[in-house]
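I have placed the structure first, in the form of structure tokens, so that the comments after it can refer back to it.
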């Protein structure tokens, strides 16, 4: 288990004896059988599939809403390959590498998806704490991202104490850049950048160390007997994975899209690294025990920005926030 040979404090589900603890909680009535089964699967494999967290209609509505952001791009932040943050104008939105950043800030439908009851219940059991959702991304096509562990790039105060969800907004077909992962790879020993960092800082650690890190992931996984799998999701299904699971985007060999919503979550006691350098860091309550935060939007109650009427929104409506941070556009 990650907790048996690490310098970092793990979640209880990653600590030695987690399987026995799940059984104890099941027998005491603290967990239902469904949650116990999901947690057991996470402990063994580092991931769990929760089917139909969204209905087909909910997934379609969210996908349609994402497609309409070009009508008011000033409300949103996008990023595409080789370009820093920008508004999703038509030319940027049409780029296959485009993704919307922190979409959950200005989308009630995204918030409903991020905190769908099956996801919320699972995370509360795994975190034993309230939930903070941050770094929420949309994808139109597969990312084809190299195999990696989220902790190398998603930085929080307790590096083993966060998870991610991937929600399918359409049926996923082979060759669409489907999500791929090494089952059980979350149990591998820490890869440290320098003496004590699980996150990669280009200016400190250099690019050669990053190349070495990426090169070793497949080698270490296969040496440990981890099996590489792919996730051919049905519309509305969610995959939740541990922070150390080695995963990436498969090759794109067809013209098929792979519309999806990705979100990272941490317990409320854990702080995203951007809380240390954004003066406007704030956790906005969404539903009981659930919050959102953002590096790119000022969510403080006294900085509500403006309300746009263009979106056909479901209750509860929310005020739209102007982006608070925009990187310099690369030439």
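Before moving on, here are some points about what is shown:
- Residue check, residue 31 buried (at least 18 other Cβ atoms within 10 Å of the Cβ), in a loop (DSSP other than H, G, I, E, B) and over 18 Å from the mean Cα position of the chain (by Cα): yes
- Index of the failed condition, residue 218 passing every other in (1) touching a residue at least 40 places away in the same chain (Cβ under 8 Å); (2) in contact with a strand residue (DSSP E or B) (Cβ under 9 Å, 6 or more places away or on another chain); (3) crowded, with 20+ Cβ neighbours inside 10 Å: (3)
- Among residues of segment 246-270, those that are part of a loop (DSSP other than H, G, I, E, B), over 24 Å from residue 62 (Cα atoms) and under 15 Å from the mean Cα position of the chain (by Cα), counted: 1
- Residue 274 vs. criteria over 18 Å from residue 145 (Cα atoms), touching a helix residue (DSSP H, G or I) at 6+ places or on another chain (Cβ under 6 Å) and touching a residue at least 12 places away in the same chain (Cβ under 8 Å): no
- Boolean, residue 244 is modelled with pLDDT under 95 and farther than 25 Å from residue 117 by Cβ: no
- In segment 283-304, the residue that is nearest to residue 74 (Cα to Cα) out of those that are within 19 Å of the chain's Cα centre (by Cα) and in a loop (DSSP other than H, G, I, E, B) is 296.
- Across segment 1-28, the qualifying residues are those that are surrounded by fewer than 12 Cβ atoms within 10 Å (Cβ to Cβ) and either in contact with a helix residue (DSSP H, G or I) (Cβ under 8 Å, 6 or more places away or on another chain) or not in a helix (DSSP H, G or I) (or both), and the one among them that is modelled with the highest pLDDT is 7.
- Residues satisfying the stated conditions in segment 221-231, i.e. assigned to a helix (DSSP H, G or I) and surrounded by fewer than 16 Cβ atoms within 10 Å (Cβ to Cβ): 222, 223
- Residue count for segment 127-159, restricted to those that are buried (at least 23 other Cβ atoms within 10 Å of the Cβ), farther than 19 Å from residue 80 by Cα and touching a helix residue (DSSP H, G or I) at 6+ places or on another chain (Cβ under 7 Å): 4
- Residues of segment 257-283 classified as in contact with a strand residue (DSSP E or B) (Cβ under 6 Å, 6 or more places away or on another chain) and surrounded by fewer than 18 Cβ atoms within 10 Å (Cβ to Cβ), total: 1
- For segment 165-188, a tally of residues being under 18 Å from the mean Cα position of the chain (by Cα), under 21 Å from residue 64 (Cβ atoms) and outside any loop (DSSP other than H, G, I, E, B) returns 4.
- Where residue 100 falls short, out of the listed (1) touching a helix residue (DSSP H, G or I) at 6+ places or on another chain (Cβ under 8 Å); (2) closer than 25 Å to residue 282 by Cα; (3) surrounded by fewer than 22 Cβ atoms within 10 Å (Cβ to Cβ): (3)
- Across segment 174-198, the qualifying residues are those that are at positive phi and touching a residue at least 60 places away in the same chain (Cβ under 8 Å), and the one among them that is surrounded by the most Cβ atoms within 10 Å (Cβ to Cβ) is 177.
- Subset of segment 65-90 (residues that are farther than 21 Å from residue 135 by Cβ and over 21 Å from the mean Cα position of the chain (by Cα)): 68, 70, 71, 72, 74, 89, 90
The values are calculated or read from the model by the stated rules, or taken from the named source; none is laboratory data. None of the values given here were measured: they were computed from a predicted structure. Using ideal geometry, Cβ is built from the backbone for each residue, glycine included, and neighbour counts are taken over all protein chains shown.
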